[in-house]
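Worksheet for the structure shown next.
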Amino acid sequence: MADQVIQRVEINGGVVVGVDSSASSVRALAVAAEEAKRRHTVLHVVRAWSLRTAPRPADCPPNAVPSMEAFQQEVRADTERIVARKLGDHEGLPVEFHIVHSPSPQALLSASKGADLLVVGHRGRGGFAGLMLGSVAEQCVRHAACPVLVVRPNV
């Protein structure tokens, strides 16, 4: 199997948020959008995906394997739907999408190098109940090149 080339996210300023369709990331999206509005800056929505986490393209026959491009397009469409459901038309808030075939921590950490703020959810898809933070959030807090805001669940 060929080595995967890790895609990086390069931005120049703004608020970055990691979105993966979990309830935690959707809460982080709402907080990040408010923060971007307050700062009068762009909201960068980062969605990292792998073959394991990508939604299967609906138009792909059951016994066929979708192309990487088909997966990429389906992940982008799914992410745009998540943002539209949560933020509506987000008038007055510039939103840029960064859809990358990469592990989540690497994508978010590369984006943090040019960000003013990185916003992540408290927990994503992982299920280790004993952790104070999800593994992605913890890596971002430890290694991000900008301030990190971890959005806790509503209690």
TODO: Can you tell me the dipole magnitude for the chain around its Cα centre, using point charges on the Cβ only (Lys, Arg +1; Asp, Glu -1), in Debye to the nearest 20?
DONE: 480
Open item on the list: So if a site counts as exposed when it's one of the GluC sites (Glu not before Pro), its DSSP state isn't H, G, I, E or B, and it has at most 10 other Cβ atoms within 10 Å, what's the longest stretch of the chain without one?
Closed with: 11-90
- [ ] At 1.4 Å probe size, with no ligands or nucleic acids counted, give the accessible surface of S24 in Å², nearest ten.
- [x] 10
- [ ] Mind pulling the angle between the C-alpha long axis of helix 68-87 and the longest principal axis of the chain? Nearest 10 degrees, somewhere in 0 to 90.
- [x] 40
TODO: Starting from region 3-87, pick out the trypsin sites (Lys or Arg not before Pro) whose DSSP state is loop and whose Cβ has at most 16 other Cβ atoms within 10 Å.
DONE: R8, R52
Open item on the list: Using amide H atoms built in the peptide plane, which far-off residues or other-chain residues are under 5 Å from H101 H to H?
Closed with: Q7, W49
Open item on the list: In Å², and per residue, what accessible area does the chain have when probed at 1.4 Å with the other protein chains present?
Closed with: 57
Task: Accessible surface of region 1-97, 1.4 Å probe, proportion on carbon and sulfur as whole % - done: 50
Task: Point-to-point label distance, A30-R56, nm (Cα→Cβ direction, 7 Å offset) - done: 3.2
Open item on the list: So if I restrict to the alpha-carbon atoms in the chain, what is the Rg, and what is Dmax, the biggest pairwise distance, in Å?
Closed with: 15.3, 48
- [ ] Provide the net charge surrounding A107, with neighbours chosen by a C-beta distance below 13 Å and charges set as Lys +1, Arg +1, Asp -1, Glu -1.
- [x] +1
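The values are calculated or read from the model by the stated rules, or taken from the named source; none is laboratory data. Note that the structure is a prediction, hence the values are computed from the model and not measured. So basically every Cβ, Gly included, is an ideal-geometry build from the backbone, and we count neighbours across all protein chains shown. These accessible areas exclude ligands, DNA and RNA; they are computed on the full protein's heavy atoms, side chains included. Shrake-Rupley method; radii C 1.70, N 1.55, O 1.52, S 1.80 Å.
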